[in-house]
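Below: the structure, in structure tokens.
The values are calculated or read from the model by the stated rules, or taken from the named source; none is laboratory data. All of these numbers come straight from a predicted model, not from anything done at the bench. Here the Cβ positions follow ideal geometry from the backbone for every residue, glycine too, while neighbour counts run over all protein chains shown. Protein only, heavy atoms only, side chains kept; ligands, DNA and RNA dropped before computing areas. Shrake-Rupley method; radii C 1.70, N 1.55, O 1.52, S 1.80 Å.
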Amino acid sequence: MNKTLVIANWKMNPANMREALVLAQRVEQGVKSIGGVTVVLCPPFPYLAAISNKQSAIKLGAQDCFWEQKGAFTGEVSPAMLKDVGCSYVILGHSERRRYARESLPMIAKKIKAALVTSLTPVVCVGENVEKDLKSIVHKIENWKLGIGNLVLVYEPEWAISTRKNAKAATPEHCKKAVVRMQGLIKNETIPILYGGSVDAANVEAFMVQGGVQGVLVGGASLDAEKFVALVKNAKKA
Ligand code: PGA
């Protein structure tokens with residue numbers, strides 16, 4: 001059976017390197033004895049190399065990457081660079097990137113391809129319109145003949161993200177319906193499907209049991225080591 005996956009999306013936090021190192025260290029201390037759960041931290045780019053540690057119990061991921069491996073692309077970071085500093089995952093297509101950086105589905109698809117070619121696991125965020133997102137993403141991947149085995153999908157409705165106005169986590173039943181729709185479209189049982197949006201230690205178990213997901217993508221609740229470790233423990237119980 002595949003392992004439970006808990007992915008921390010730190011977004012543009014914390015404010016400095018010192019706080020980032022303390023947070024990573026506390027999480028590592030707290031989760032190292034919890035078996036059966038893969039914990040991935042996705043800090044901002046400038047903290048990646050400092051947090052990277054091959055001996056660590058936690059895995060490292062980035063929050064985005066570009067679709068080219070090097071060259072004249074000011075401000076961009078390539079999948080190869082991420083791999084080189086110790087990342088094994090990369091979040092792609094997050095609704096905040098679609099909203100603030102105007103990322104389109106064709107751009108996201110190119111990024112997924114570049115990540116797969118580099119052997120980084122793309123953690124692809126799928127919004128409320130799962131049909132539209134998956135058609136542009138998974139069907140393209142099939143055409144590339146790269147194999148979609150090394151892919152993680154996240155059902156993450158924008159309205160459920162904790163920092164949005166009037167945000168509210170999806171219900172586990174709503175999540176389950178989306179997961180079933182996604183499974184019907186991807187037709188590949190080996191691809192883990194996670195849920196994201198206002199996940200915390202109190203609701204994680206319900207998402208995993210009734211919501212039918214194999215793990216979660218966590219924003220706000222991943223910025224407090226104690227709360228995040230409690231969340232990982234509850235995800236393990238599920
Ligand atoms: P949240 O963020 O857990 O704070 O809702 C999740 C995300 O945006 O990935």
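For the reader, a short list of remarks on this structure follows.
- Residues whose amide H falls under 5 Å from that of residue 92, counting only those 5 or more places apart or on a different chain, are 123, 124, 125, with hydrogens built in the peptide plane.
- Share of carbon and sulfur in the accessible heavy-atom surface of the chain [1.4 Å probe, %]: 52 percent
- The chain: Cα Rg divided by the 2.2 N^0.38 Å rule of thumb: 0.94
- Tensor-based shape of the stretch 9-127 (alpha-carbon gyration tensor, a/c under 1.5 rounded, otherwise prolate or oblate): prolate
- Residue 166-residue 210 FRET efficiency (beta carbon distance; Förster radius 25 Å; 0.05 resolution): 0.60
- Bridging of residue 187 to aspartates and glutamates at a Cα separation below 12 Å is possible for 142, once same-chain residues fewer than 8 apart are set aside.
- Rounded to the nearest 20 debye, dipole of the chain from Cβ charges on Lys, Arg, Asp, Glu: 200 debye
- With the convex hull of the Cα atoms taken as the outline of the stretch 178-238, the averaged projected area works out to 4.1 nm².
- As a calculated quantity, the FRET efficiency between residue 33 and residue 183 at R0 = 35 Å, using C-beta atoms, amounts to about 0.60.
- In the context of the full set of protein chains, residues of the chain present 48 Å² of accessible surface per residue (probe radius 1.4 Å, heavy atoms only).
- For the cross-link pairs 111/176; 83/111; 54/83; 113/135, the ones whose C-alpha atoms lie over 18 Å apart are 111/176.
- Pair-distance profile P(r), taking every C-alpha pair of the stretch 140-186, with 5 angstrom steps and integer %: 5, 17, 20, 19, 16, 11, 9, 3, 0
- Pair residue 70, residue 174: separation of 7 Å Cα→Cβ label points (nm): 4.6 nm
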